[in-house]
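Reviewing the structure listed below.
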Amino acid sequence: MATDLGAVGQLEGAGKWTPFGEKLRAIRRTKGILLIDMAHLAGVTPGFLSLVETGKKPIPDRLIAAIVAGFDLGTADEAELREAAAWSVKEFKIRLEAGAGHFDRKVAHALENGFAKMSGKNKAKILKLLEEG
């Protein structure tokens, strides 16, 4: 059975921690340890771990593996931690198939360059289109 690692915070406006940072904090609370102890166990400096928690540094895969192993997290907890890590990234890549043509590249480029300026309403429309297939 998975340990209750707490609610995942939102990246925007919920505080200074990313969803991954919130999960790490929840693990520390559950285990009764400090950031310095988690950093030591994971093989990183406390400063680096703090920067990862706040989204100022990317999350290395080895960090996730070290935390899972070091705290003996089960499969469900590992999945939650990896999901929180995925929600914490600031940059996404669009993988185009090898045979992708000019139009596909144009659409991907437009999305990359226009996303930050796009309204929430238009983002919702795109999400709906993508979910419908």
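In degrees between 0 and 90, to the nearest 10, how far off the longest principal axis of the chain does helix 75-88 point, with axes built from Cα atoms?
Roughly 50 degrees, rounded to the nearest 10.
For n ≥ 4 DSSP H runs only, could you compute -39500 (n - 2.57) per run for the chain, divide by its residues and tell me the 222 nm figure to the nearest 500?
That calculation yields -18000 deg cm²/dmol at 222 nm.
Of the accessible area of segment 88-131, with the probe set at 1.4 angstrom, what percent is carbon plus sulfur?
Reported share for carbon and sulfur atoms: 59 percent.
Under 17 Å between alpha carbons, and skipping anything fewer than 8 positions from residue 125 in its own chain: which lysines qualify?
117
What does the extension gain come out to for residue 75 and residue 36, with contour length at 0.36 nm per residue minus their alpha carbon separation?
In short, 11.6 nm is gained.
Using the Karplus equation 6.51 cos²θ - 1.76 cosθ + 1.60 (θ = phi - 60°), what ³J(HN,Hα) coupling, rounded to whole Hz, does each residue of segment 109-115 give in order, writing x for Gly and Pro?
5, 5, 5, 4, 7, x, 4
Please give the per residue accessible area of segment 75-133, computed with a probe of 1.4 Å over protein heavy atoms only, in Å².
89 Å²
Just the Cα atoms of segment 20-64, one point each, no solvent: what log10 I(q)/I(0) does Debye give at q = 0.21, 0.26, 0.30 Å⁻¹?
Cα-only, vacuum Debye calculation for segment 20-64: -0.61, -0.96, -1.25.
Tell me which label goes with the value of semi-axes √(5λ) of the Cα gyration tensor in Å computed from the coordinates here: (i) 19, 18, 14; (ii) 42, 20, 13; (iii) 33, 16, 15.
Checking each listed value against the structure points to (iii).
In nanometres, what is the gap between the two model label sites at residue 87 and residue 66, each 7 Å from Cα along Cα-to-Cβ?
If labels sit at residue 87 and residue 66, their model points lie 2.5 nm apart.
With the crude spin-label approximation of a point 7 Å out along Cα→Cβ, what separation in nm comes out for residue 107 versus residue 132?
So the two model labels end up 1.4 nm from each other.
Can you list, largest first and rounded to whole Å, the semi-axes you get for segment 55-117 by taking the square root of 5 times each eigenvalue of its Cα gyration tensor?
Sorted largest first and rounded, they come to 33, 14, 9 Å.
The values are calculated or read from the model by the stated rules, or taken from the named source; none is laboratory data. Everything numeric in this text was worked out from a predicted model, so none of it was measured. Note: ideal-geometry Cβ built from the backbone for every residue, glycine included; neighbour counts use all protein chains shown. Surface areas here come from the heavy atoms of the whole protein model, side chains and all, with no ligands, DNA or RNA. Shrake-Rupley method; radii C 1.70, N 1.55, O 1.52, S 1.80 Å.
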